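What follows is one structure encoded as structure tokens, with my remarks underneath.
The values are calculated or read from the model by the stated rules, or taken from the named source; none is laboratory data. Worth saying up front: this structure is predicted, and the values here are computed from it rather than measured. In this analysis, Cβ positions are derived from the backbone assuming ideal geometry, glycine residues included, and neighbour counts consider all displayed protein chains. Ligands, DNA and RNA are stripped out before the accessible areas are found, and what is left, the full protein with its side chains, is counted by its heavy atoms. Shrake-Rupley method; radii C 1.70, N 1.55, O 1.52, S 1.80 Å.
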Amino acid sequence: MHWLQLATNDLLLHLYRCNECQSYFFDGENPASSYRDLVISDEFWIDYVQAGAGITSMLAPLFAVKTLNKGSLIDVGCGFGFVVHYWQSLGHSALGLEDSYYGNIGEEKLGVTICRQYLGEYVRENPGREFEIVYSSEVIEHTSDPGAFVQQLCSLVSEDGIIILTTPCTNSISEQANHAALNAALSPGFHYGIISQQAMKSYFSQQGFHCHFETTDTQMITWAGKRSLPEVTHGRFDWHSYFTYLGQLADHPDPHICSGALHRLFKDSLNTNHPEIAATAYPRLLEVARKHYGIDLENPEVGEMLKSKKQLYRLAQYPSWLGNCLLFGAIHVGHARNDRRTKLRMLDAALKVLRHRMEVDAQFGQEAAHYYPFAERQYIIGLSEALTVSLNRNMIGEGAADLHASLSVLKEVLTELLP
């Protein structure tokens, strides 16, 4: 059934939904480009390690397994190699397959083993090779034959091992979905389609595998094995292990990897009520921002960046984590130091940088779009706090100028932000 048509790179693509299994597929023999053929500039991997890589999303399906076998792991389509690196940091054997530019850089930077091969090539050249954990995140949608891909994954897993696979969820495809979400799920020109749970179950059943599924609005996670599966609790997350890993990664000599780890460590610890970790990470983040990017996070100069309409503009000076760090840095400063002026200054800059990321770096700005409404609310709260202080001063005959300025700014912001 024809459902939608999309244009990408001067190519008109039609999306079809299978009436039988409810999966979505683009038409044509070659609707998707090969990552092997892509020429990617440094800005792409730098953006990825600074902020683009969702390391929590990568590790969450592993942490969901209560009694995960601590044996060997292969990550099929490992990208930069963060999952391989994490597993290796625990002292376990890990291997990645990635036939793209990301794999080359990740192998060099992280010191992990990444084979520049597609899955089929690796299976043919390594008959009988097995792993306790076969992991593949957001890859199957890039394959022209998902059934064959699942069959090859199954050939790699040991008798008591587990396959962990993630892919965009068909729930994310609807006429009501906003453009950014729809574009992220479908990635026209890169995805062959989106596999339904019904189809995925059929692929694994044909190999004699048991499956457990969890779906969200955007993602489907599959855990599969030859035997009965261990207990899986979607949402269980080992924050201690994750923060320990980020702490190790924050010591990396590459400034983009180091700052990306610190940014995640600070943001995620603050968001998960680990203020002691955030308090330790924040001064390190301030130092790295000054030393490697020339940015004073508490008094940022971002005017030059805001003028640019070039995608991923000067990441060596304006890192892609900047908006997030300004937002959560402002919250930290407000709570830890009760410094309302610095907090408001940082929130003002955060709103501008996040908006720029959403508009100019639209392909990479999903996280910015997620946090922007929260940043707006925090800015209004910051203004109300400043106004309260000004009112208190004015009641004792001081601070009339502060009161007038606060009221003027508040009026402008409310006019812009509120419907």
log10 I(q)/I(0) for the stretch 229-338, Debye formula on C-alpha points only (no solvent), q = 0.16, 0.22 Å⁻¹, two decimals, reads -0.75, -1.21
Note, ³J(HN,Hα) from phi for the stretch 344-356, Karplus 6.51, -1.76, 1.60, rounded to Hz, x at Gly and Pro: 5, 4, 5, 5, 4, 5, 4, 4, 5, 6, 5, 5, 4
Roughly speaking, what is the centre-to-centre gap between the stretch 63-98 and the stretch 271-331 when only Cα atoms are used, to the nearest Å? 30 Å
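Hey, what's the per residue convex hull volume over the C-alpha atoms of the stretch 261-313, in cubic angstrom?
Convex hull of Cα atoms, per residue: 99 Å³.
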Can you pull the percent of the stretch 307-396's accessible area that's carbon plus sulfur, 1.4 Å probe, other chains left in place? 52 percent
What list of ³J(HN,Hα) couplings, whole Hz, do you get for the stretch 83-91 from phi and the Karplus terms 6.51, -1.76, 1.60, once you set θ to phi - 60° and write x for glycine and proline? 5, 4, 5, 4, 5, 5, 5, 7, x
Heavy atoms only, 1.4 Å probe, whole protein assembly: order T222, T272 by accessible area, highest first. T272, T222
Report the net charge of residues surrounding T67, where surrounding means a beta-carbon distance below 15 angstrom and charges are Lys +1, Arg +1, Asp -1, Glu -1. 0
For the stretch 39-122, count all C-alpha to C-alpha pairs, find those more than 14 Å apart, and express that count as a whole percent of the total. 63 percent
Per residue convex hull volume, Cα only, the stretch 60-103, in Å³ is 66 Å³
Size of the dipole of the stretch 252-331 about the Cα centre, Lys and Arg at +1 and Asp and Glu at -1 on the beta carbon, nothing else charged, in debye to 20? 340 debye
Any idea which of G260, S196, C211 is furthest toward the positive side of the dipole for the stretch 196-330, if Lys and Arg beta-carbons carry +1 and Asp and Glu beta-carbons -1? S196
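Can you tell me what the convex hull of the Cα atoms of the stretch 123-176 projects to on average, as an area in nm²?
Directional mean of the projected Cα hull area for the stretch 123-176 stands at 4.6 nm².
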So who's got an amide H within less than 5 Å of the one on I295, skipping anything under 5 residues away but keeping other chains? H placed 1.01 Å off N, in plane. R290
At a 1.4 Å probe radius, which order do D42, D268, D251, D27 fall into by accessible area, largest first? D251, D42, D27, D268
Which percent of the accessible heavy-atom area of the stretch 222-284 goes to carbon and sulfur, probe 1.4 angstrom? 55 percent
Starting from one equal scatterer on each C-alpha and no solvent at all, send me the Debye-based log10 I(q)/I(0) for the stretch 206-282 at q = 0.22 Å⁻¹, two decimals. -0.93
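Which value, in nm² and rounded to one decimal, describes the direction-averaged projected area of the C-alpha convex hull of the stretch 289-338? Let's see the in-between values first.
Values: hull surface 14.7 nm².
That works out to 3.7 nm², a quarter of the Cα hull's surface.
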